[in-house]
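See below for the structure under consideration.
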Amino acid sequence: MTAVGKAFRFTRGLRFRLALSYVFFFAILLVLLGNVFRETLSAAFHARMESVLEEEWGAAKGYLRTGPEGPNWLYDPKDPDESFTVARLQRVYMLADTAGHPTEWSVIYKSLGIDPPSEIQTILQSGKPSIRVRTDPTSGVPYMIRSGQWVDHDGRKYYLAIGRALDYNDRVLNDFTRNYLALVPLEIVLSGLLGWFLAGRALRPVNSVAEAAQQITHSSLHMQIPQRHAGDELDRLIEAFNHMMTRLNRSFEQIRQFSTDVSHELRTPLTVVRGQLEVAMFTAKTVEQYREAMADALEGVDRLSNIVRALLMLSQAESGQLVLQKSNLDLAELVRDLTDQHQIPAEAQGVRLVAELPAGCIIHADRIQIERLVSNLLGNAIKYTPSGGRVSVRLEGDADRVKLIVEDTGVGIAPDHLPHIFDRFYRVPSPDPDKGLGLGLSFVAWIVKAHGGTVEVRSDLDRGTCFVVTLPAQCPVPVPTETTAAIGEPVH
């Protein structure tokens, strides 16, 4: 990587961007604080100068007198304090009559500009003192002027204006600004170093998490990043990451188990087909033997087709590609029809199949999937119930929920097998050679979940099994006016 590329990558780093953001906001804060301090200092100087002019206004009223000869300042020339005070008052000073005609003024005030009669009369008519700032065009020094009405000892009214130079205040403000701005670059550099350090310290746990995450591979998805127990955002990130890894590990385990199950399930019928074809090729001598071998091979092909079809449908269902076509469905009528259809295999098995159903039970569901659910439960119940046993199906519920209960008096399921009966290809050990594909209850679990319901199972060995499917009802379930014995059992 070139030096330019490394520099570009460095500037794109989160630590650099955090430090740069810290410096940027700190610089803005410094500028704002400097401006606030300067304005505060300027306002304080302004208020202080107004207070000084107010005091000098009172002093001028004590020293200034008017007579036929014009204005006169009464003070003791031998007193240095009075001499200094009067000299300071006379430095920026102007006196005019009520008509606006100046009677006396200082040199500095003249350079500032003698107040015009209109302005003088406006201030006198307002009855309030006026504070304004004027700049000497020659020297450029600003002066604060206080002007207003003054009444002498004889009651005559005059316009009096006195002023003080503001050059010292401006010099202090400029010195403050210059010194403050001179320190800003140093403060920015120090803030950058501090921001770099704080950003590195804040990102240290993130780097630790990244290093731990890099050590996780497909064979170590069970690894977890240890919690810091700080209760901050990073702990929540670690917790979310660990939960994600748990889900990924579970998904990978399911994929591995699925691959193992598929290979095992496909190997058996493939072996049968191969064996039958080899028998036909090497040992069959008559047409009848060829036909028997081909029939067995076709039976194995059919089993393969059923497995692939079931797997494809289940995969589409779990991935969301199989969309439910929901509509209002009379579940009681559907269960009644399916019970009729299962009477023949039940009678062949020597099992009594009965149903207790209300007159009507409306739900909002996919008819095809609900048929598959009921058929799977009834088929399993009949298959694993010995001759002379009983299988019952009934509907219960209220305005919110509907329960479909399928109960048999069959061989039952051992407690250690119950947690796994809804897994793909899981089959409870049984002496029956026709165990099925082990996908029926997986379909049941998916159909119930897709309809927002639940499925529960209770079982005792040699006493029977009970499946309870709970589905949401879309309208009140009618209370049965009678208990109808389904097909196979007379009404008593």
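The values are calculated or read from the model by the stated rules, or taken from the named source; none is laboratory data. Predicted model only: the values in this text are computed from it and were never measured. Cβ coordinates were reconstructed from backbone atoms using ideal geometry, including for glycine residues, and neighbour counts include every protein chain displayed. Just the protein is used for accessible areas: all its heavy atoms, side chains included, with ligands, DNA and RNA removed. Shrake-Rupley method; radii C 1.70, N 1.55, O 1.52, S 1.80 Å.
One table, with the values for the structure above:
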item	result
Kirkwood estimate for region 182-244, i.e. one over the average of 1/r between Cα atoms, Å	14.0
Of the DSSP H helices in the chain, those whose Cα atoms cover at least 27 Å axially and whose Kyte score averages 0.5 or more	14-63
Extension reserve of the ARG463-GLN215 stretch, reckoned as 0.36 nm per residue once the Cα distance is removed	84.1 nm
Å³ per residue enclosed by the Cα convex hull of the chain	376
Inter-label distance for GLU50 and ASP81, nm, one decimal - labels placed 7 Å from Cα along Cα-to-Cβ	2.8
Relative contact order of the chain, pairs being alpha-carbon contacts under 8 Å that are 6 or more residues apart, as %	10
Residues of the chain: accessible area per residue with a 1.4 Å probe, Å²	60
Residues of type lysines that LYS383 reaches as a straight line, Cα spacing below 23 Å, ignoring anything fewer than 8 places off in the same chain	LYS403, LYS435
Rounded to the nearest 20 debye, dipole of the chain from Cβ charges on Lys, Arg, Asp, Glu	1580
Rounded accessible area of ARG458 (nearest 10 Å², 1.4 Å probe)	140
Gained length - LYS110 relative to ALA27, 0.36 nm times residue gap less alpha-carbon distance	25.3 nm
Nearest-10 value in Å² for the accessible area of GLU233, using the 1.4 Å probe	130
Projected-area average for region 90-129 over all orientations - Cα convex hull basis, square nanometres	2.8
Computed over region 132-254, Kirkwood Rh from alpha-carbon pairs, angstrom	22.1
Computed E for LEU418/LEU190 - FRET, C-beta separation, R0 45 angstrom, nearest 0.05	0.10
22 Å Cα-Cα reach of LYS78 towards lysines, excluding residues that sit fewer than 8 places from it in its own chain	LYS61
Mean residue ellipticity (222 nm) of the chain, computed from DSSP H runs ≥ 4 via -39,500 (n - 2.57), nearest 500	-18500 deg cm²/dmol
Sulfur and carbon atoms: percent of accessible area, the chain [1.4 Å]	58
FRET efficiency, LEU324 to ALA230 (Cβ-Cβ, R0 45 Å, nearest 0.05)	0.50
Exposure ranking of LEU41, LEU439 by accessible area [1.4 Å probe, largest first]	LEU41, LEU439
Qualifying aspartates and glutamates (Cα of each under 13 Å from Cα of LYS110; at least 8 residues distant if same chain)	ASP136
Amide proton proximity set for VAL402, modelled H, under 5 Å, gap of 5+	LEU471, ALA473
Inter-part distance where region 384-427 and region 10-64 are each reduced to a Cα centre, Å	83
Phi to ³J(HN,Hα) by Karplus 6.51 cos²θ - 1.76 cosθ + 1.60 over region 386-392, Hz, x for Gly, Pro	x, 4, x, x, 9, 10, 10
Amide H partners (placed H, <5 Å) of TRP150, local residues excluded	TYR158, TYR159, LEU160
